[in-house]
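The values are calculated or read from the model by the stated rules, or taken from the named source; none is laboratory data. Please read these numbers as outputs of a predicted model, since none were measured by experiment. Cβ coordinates were reconstructed from backbone atoms using ideal geometry, including for glycine residues, and neighbour counts include every protein chain displayed. Accessible surface areas use protein heavy atoms only, side chains included; no ligands, DNA or RNA. Shrake-Rupley method; radii C 1.70, N 1.55, O 1.52, S 1.80 Å.
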Amino acid sequence: MENLNLDDSIKASKNILIISHVNPDGDTLGSMLALRDFIQLNYKKRPEMMVISKIPKMYEFLNGLKDAKHLTQYDNSMVYDLVILVDVAALDRIFNAQIFFEKAKIRACIDHHKTNNYKADIRFVKDEASSTGEVLCEIAENYGWKFDEKIAEALYTAILTDTGGFRFDNTRALTLKTASKLIAQGAKPQWIYKNCYEKKSKNFVMFQAYCLNKAEFAENDKIAYITVYKKDIEKFASEDDLTEGLVEKLRSMESTEVAFLLKEIDNKMFKVSMRSKNIDVAEVTSVFNGGGHKFAAGCVLKCSAEDCVKKLLTEIRKQEF
Ligand code: AMP
Ligand code: MN
Ligand code: MN
């Protein structure tokens with residue numbers, strides 16, 4: 001699976017940096033924290049953790065994440081012995097932090113995106129795994145790393161959130177076996193579930209209701225989509241990631257084959273989140289330099305909302321559904 005060995009590389013490194021992806025989710029954050037704690041527990045070294053954008057409030061219960069620093073707090077001249085990217089599908093998902101990766105003496109990548117194709121000295125990329133958390137668990141077991149309750153909690157969160165609560169098609173027998181081991185190591189399923197999904201603010205729920213109300217449909221309701229503007233998000237000001245889970249709500253309709261969410265990040269710049277039941281949306285988004293998984297993928301488009309919709313509908317219609 002790898003050329004250089006991760007265990008030897010950790011032993012040989014004085015300073016280690018772990019980087020998570022932009023718009024962080026439970027998988028990238030949980031894996032980053034678990035890896036930091038694994039290295040601390042098993043090698044007595046304390047890696048740094050970098051985030052590219054704000055940590056959503058729902059993950060603050062993983063309190064080790066308060067040690068993570070934002071990209072802008074780093075000194076660009078710093079050279080790390082080992083830089084590990086977790087759940088990073090493509091290098092543009094870590095923005096300017098790419099320089100730390102490129103300069104590192106050893107570059108490592110732990111991921112599960114089938115579109116992952118950048119170079120690294122150590123690559124653990126398993127697209128059959130539900131999540132980066134699951135890949136990391138396997139690595140830990142192969143190296144015989146010790147676990148503790150905090151590590152189990154972080155990894156369980158990674159797997160729980162990337163499988164939509166063990167419901168998505170990426171949930172395989174090994175996913176549940178891994179989750180079972182994590183529970184045996186001290187992860188508390190109900191407590192983690194409550195923290196992730198039952199602590200939303202009133203504004204979060206009201207915002208989602210507002211967005212669902214303005215959903216649009218095409219191809220006899222087979223395609224469902226929502227455009228969310230910055231001003232909408234500002235109006236409902238909240239510390240939550242207000243669009244979290246929204247595109248899955250569109251997919252939950254029986255009639256929906258493909259759902260997407262356009263989220264304005266800047267003038268004429270939209271982040272696209274796409275989901276499907278059958279067609280390969282990683283293929284659709286890769287046309288626009290994005291990627292992801294068969295049924296969950298994304299990209300960024302630089303044009304007006306109307307043009308984004310046109311472009312996406314044209315690409316989706318090329319697929320058979
Ligand atoms: P999201 O819609 O942000 O939840 O992302 C769904 C999946 O697509 C995740 O696995 C992401 O890693 C992947 N993804 C989202 N945006 C991009 C992008 N711009 N480039 C590559 N992969 C992406
Ligand atoms: Mn992710
Ligand atoms: Mn993931």
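Things to note:
- Percent of Cα pairs exceeding the 23 Å cut-off, where the set is region 162-249: 43 percent
- Per-residue HN-Hα couplings for region 247-260 [Karplus 6.51, -1.76, 1.60; θ = phi - 60°; Hz; x = Gly/Pro]: 5, 5, 5, 5, 5, 5, 6, 4, 6, 6, 9, 10, 10, 9
- Residue with peak Gaussian network fluctuation, the chain [Cα springs, cutoff 10 Å], from E257, E248, E141: E141
- Extension reserve of the L174-Q73 stretch, reckoned as 0.36 nm per residue once the Cα distance is removed: 32.5 nm
- With an a/c value of 1.5 or above and a/b larger than b/c for the gyration tensor axes a ≥ b ≥ c computed over the alpha-carbon atoms, region 88-197 is described as prolate.
- Percent of alpha-carbon pairs separated by more than 23 Å within the chain: 57 percent
- Rounded to the nearest 10 Å², the accessible area of K11 at probe 1.4 Å: 120 Å²
- If the chain linking I99 and V287 were pulled fully straight, counting 0.36 nm for each residue of separation and taking away their Cα-Cα distance, it would gain 65.1 nm.
- Applying the criteria of a DSSP loop state and at most 15 other Cβ atoms within 10 Å to the chymotrypsin sites (Phe, Trp or Tyr not before Pro) of region 225-270 yields Y229.
- In region 30-145, the alpha-carbon atoms span a convex hull of 113 Å³ per residue.
- Rounded to the nearest 20 debye, dipole of region 252-296 from Cβ charges on Lys, Arg, Asp, Glu: 120 debye
- For region 6-97, alpha-carbon Rg over 2.2 N^0.38 Å: 1.02
- Expressed as a whole percent, the accessible surface of region 169-254 that belongs to carbon and sulfur atoms is 53, based on a 1.4 Å probe.
- With the alpha-carbon atoms of region 1-45 aligned to their principal axes, the span from lowest to highest coordinate is 31, 24, 16 Å, starting with the largest.
- Distance from region 1-62 to region 287-312 (C-alpha centre basis), Å: 29 Å
- Eigen-decomposition of the gyration tensor built on the alpha-carbon atoms of region 82-149 gives equivalent ellipsoid semi-axes of 21, 15, 10 angstrom, largest listed first.
- Solvent exposure of region 32-170 as accessible area per residue, Å², 1.4 Å probe: 40 Å²
- Within region 27-127, trypsin sites (Lys or Arg not before Pro) in DSSP loop having at most 10 other beta-carbon neighbours inside 10 Å: K44, K119
- Calculated Rg and Dmax of region 149-209 using C-alpha coordinates, Å: 13.0, 38
- Note, ³J(HN,Hα) from phi for region 226-237, Karplus 6.51, -1.76, 1.60, rounded to Hz, x at Gly and Pro: 9, 10, 10, 9, 4, 5, 5, 5, 5, 4, 9, 1
- Other residues lying with their Cβ under 10 Å from the Cβ of T163 contribute a combined charge of -2, Lys and Arg counting +1, Asp and Glu -1.
- Global form of region 204-297, assessed from the alpha-carbon gyration tensor, a/c cut-off 1.5: oblate
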